[in-house]
Amino acid sequence: MPTTYHLVVAPDGRGPEGAAPELAAVRLISLLPPDWGYAPRYPDGTVSLVLTPPPGTTDACAHALFGRALADPGLRGWSWVNGPA
């Protein structure tokens, strides 16, 4: 069974008011490697992505990738709310 990650991002007040979660999801997905699978949902104005990386992807690699993607200026105003402890 492949590993999956559940990434949740939400507006953090640094971006424009009323930012569309669908647009944030498109931007985020575009920053992921093309061989990752994804299934987006938009509960309560957030972005919830279930991501499936290629086999052999480590947690450290996945978390670093998420952090880099969310640091992109196109995602200003969105924060990772369920990041690693």
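Note on exposure: S48, S79 ranked by accessible area (1.4 Å probe, complete protein assembly) read S79, S48, with the most exposed listed first.
Largest first, the residues V9, V50 sort by 1.4 Å accessible area into V50, V9.
In percent, rounded to a whole number, the relative contact order of the chain is 45, using alpha-carbon pairs under 8 Å and six or more apart. Per residue, the accessible area of the stretch 41-85 comes to 56 Å², computed with a 1.4 Å probe over protein heavy atoms only.
Per-residue ellipticity at 222 nm for the chain, helices alone: DSSP H runs ≥ 4 residues times -39500 (n - 2.57), over residue total, nearest 500 deg cm²/dmol? Please report the intermediate quantities before stating the final value.
Working: 2 runs with 22 residues, N = 85.
Calculated mean residue ellipticity at 222 nm is -8000 deg cm²/dmol.
Here Y42 sits with roughly 90 square angstrom of accessible surface, probe radius 1.4 Å.
Within the accessible area of the chain, the carbon and sulfur atoms contribute 58%, probe 1.4 Å, all protein chains present. Heavy-atom accessible area for L32, with the other protein chains in place and a 1.4 Å probe, reaches approximately 20 Å².
The angle between the Cα long axis of helix 21-30 and the main principal axis of the chain comes to about 40°, on a 0 to 90 degree scale. Summarising the amide proton neighbourhood of N82: residues at separation of 5 or more, or on other chains, whose placed amide H is nearer than 5 Å comprise V8. Under 19 Å from a point placed 7 Å out from the Cα of A19 along the Cα-to-Cβ direction: which residues of the stretch 30-71 have their backbone N that close? 30-32, 40-50, 65-71, by backbone N distance to the label point. When T58, T52 are compared by accessible area at a 1.4 angstrom probe, the order from most to least is T58, T52.
Potential lengthening of the chain between V50 and Y38 amounts to 3.8 nm, from the contour at 0.36 nm per residue minus the alpha-carbon distance.
The values are calculated or read from the model by the stated rules, or taken from the named source; none is laboratory data. Values in this document were obtained by computation on a predicted structure and should not be read as measured data. Positions of Cβ are backbone-derived with ideal geometry, glycine not excepted, and every protein chain shown enters the neighbour counts. The area values use the complete protein model at the heavy-atom level, side chains included, leaving out ligands, DNA and RNA. Shrake-Rupley method; radii C 1.70, N 1.55, O 1.52, S 1.80 Å.
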